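Trainee: Handing you a structure now.
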Amino acid sequence: MPIGSPVDAAGSRGPLDDAQEQLRHAVDVLGYDEGVHRLLASPRREVTVSIPLRRDDGSVEVLTGHRVQHNFSRGPAKGGLRYSPKVDLDEVRALAMWMTWKCALMDLPYGGAKGGVTIDPSKYSAAELERVTRRYTSEILPMIGPTRDIPAPDIGTDEHTMAWMMDTYSVASGHTVLGTVTGKPVSLGGSLGRASATSRGVVLTALAALRHLGLEAGGSTAAVQGFGKVGRGAARFLAEAGVLVIAASDEQGAIWNPDGIDLQALEAHVEQTGSVVHFGAATGIDNELLLTLEVDLLVPAAVEGVIHAGNAGSVRARVVVEGANGPTTTSADRILAEIGTLVVPDILANAGGVVVSYFEWVQANQAYWWHEAEVESKLAERMDTAWCQVLAEADRLRLPLRQAATCLAVRRVAEAHRQRGLYP
Ligand code: NAD
């Protein structure tokens, strides 16, 4: 059964409300004044563009796209580009703000941004998607570039989208600019290890969380919501670490096998059919049910707001590891804290992607490429450092991990503001 973004019974109106409430809380804990709060709550730049598209049949459609740069006090803005029919400006604003905190938490020299086009990419040909991407890129051209704002893939976009963006920017510049975007094909200046980096980071933090609770990976169980770029890799790496993945889902439905899912066979099935549903070696279950299975790890790796006030009380996982951005609403967060569920927040759990994007940008700017083993060991080191810092902050402030991580990040961004001062 397809499910959309549920409305939170406790009043959250969407991801922007959640992002603003998380910031408000951090500002209160850190004791900052209203001026600093307003500065951090407001995007520095945002643009909405029309994207006229000539379809393959000759007809013309006009799509809408956005790019929001929430903050660039610590360096150029950084954040993904989403193609989804549910994209709207408030969602992009929330995602851009979370990127600012994520980059600061991982101590990357970046601010935060996000882009989105309101489109269902499954309904357009590759040639149409190329025209959409090139027109969107040229509309936002003055805002982006290796020293301004560096896009990357997100829901509905991939390495081809990034190659088209890079080419469009380069043609306008008169020379090839590899550092314009990250998540490019490896043959075009992409980094080894980038495609799997978000999933690897999710699993590194999931395993750290299990150790923190005194649990072994071998014998632990997991359910993964979303079987796209992040969820698919997370399931595979969890299984490689010895975790039994017993459920997986996508927009079409969910599957469950208490003895463990054969992930290689499932990936082949998804390649063939486009969905996890009707996978022979598992039982089809309701998508919502996956979220409430009795497992050690629940990995939401799809969209925002799926764990909300209406279902958080039924979550039976020991740990929720947020592969997606914003999958847990703030009211659900409170419920999960009450019932003792450990939540590893998105800005930590899924930060592996932006960390290796940073490595890709460094390599592209230097035109010097690293071995995959080097990328992976540097990623593991960054994830481990951030995990330990968040744990220590949570202990010191007696706060859940999300609030501790947000406080750490907000403090770093506010400190950059303070050092730079206000101009004029
Ligand atoms: P994707 O488009 O590759 O995959 C999304 C998956 O989620 C698909 O399998 C889709 O069918 C499924 N899905 C959508 N709605 C669903 C629902 N309601 N229930 C169950 N499944 C649903 O996207 P992705 O790149 O894997 O991104 C997934 C999440 O991870 C997003 O929140 C994204 O912002 C976040 N993220 C991605 C990256 C990255 O490097 N790609 C990095 C950090 C965070």
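Trainee: Please find, among 113, 152, 195, 94, the residue that is of a type in the set (A, V, I, L, M, F, W, C) and more than 30 Å from residue 416 (Cα to Cα).
Mentor: Only one candidate qualifies: 195.
Trainee: For the range 245-349, list the strands (runs of 3 or more DSSP E) that sit wholly inside it and hold at least 1 residues that are surrounded by 24 or more Cβ atoms within 10 Å (Cβ to Cβ); which are they?
Mentor: Filter on the range 245-349 gives 253-256, 297-300, 319-321, 342-344.
Trainee: Mind counting the residues in the range 352-401 that are touching a strand residue (DSSP E or B) at 6+ places or on another chain (Cβ under 8 Å) and either open to solvent by less than 60 Å² (accessible area, probe 1.4 Å) or within 16 Å of the ligand (Cβ to nearest atom) (or both)?
Mentor: Qualifying residue count for the region: 6.
Trainee: Same structure again: Within the range 287-318, which residues are among the β-branched types (Val, Ile, Thr) and over 24 Å from residue 94 (Cβ atoms)?
Mentor: Once the filter is applied, which keeps residues that are among the β-branched types (Val, Ile, Thr) and over 24 Å from residue 94 (Cβ atoms), the range 287-318 yields 292, 295.
Trainee: Given the conditions (1) within 11 Å of the ligand (Cβ to nearest atom); (2) in contact with a Lys or Arg (Cβ under 9 Å, 6 or more places away or on another chain); (3) part of a helix (DSSP H, G or I), which single one is not true for residue 224?
Mentor: (3)
Trainee: Given (1) crowded, with 23+ Cβ neighbours inside 10 Å; (2) within 16 Å of the ligand (Cβ to nearest atom); (3) within 14 Å of residue 80 (Cα to Cα), where does residue 137 come up short, assuming only one miss?
Mentor: Residue 137 satisfies every listed condition except (2).
Trainee: What are the residues in the range 382-405 that are assigned to a helix (DSSP H, G or I) and of a type outside the set (A, V, I, L, M), if any?
Mentor: If the condition is that a residue be assigned to a helix (DSSP H, G or I) and of a type outside the set (A, V, I, L, M), then 382, 384, 385, 387, 388, 389, 393, 395, 396, 402, 403 are the ones that fit.
Trainee: While we're looking at this one, here's another question. Would you check which residues across the range 164-186 are among the aliphatic types (A, V, I, L, M) and over 20 Å from the mean Cα position of the chain (by Cα) and list them?
Mentor: 166, 171, 172, 177, 178, 186
Trainee: Yes or no: the range 318-325 includes at least one residue that is at negative phi, within 14 Å of the ligand (Cβ to nearest atom) and out of contact with any strand residue (DSSP E or B) (no Cβ under 7 Å at 6 or more places or on another chain).
Mentor: yes
The values are calculated or read from the model by the stated rules, or taken from the named source; none is laboratory data. Since we're looking at a predicted model, the values are computed, not measured. Please note: Cβ atoms are built from the backbone with ideal geometry, for glycine as well, and neighbour counts cover all protein chains shown. These accessible areas exclude ligands, DNA and RNA; they are computed on the full protein's heavy atoms, side chains included. Shrake-Rupley method; radii C 1.70, N 1.55, O 1.52, S 1.80 Å.
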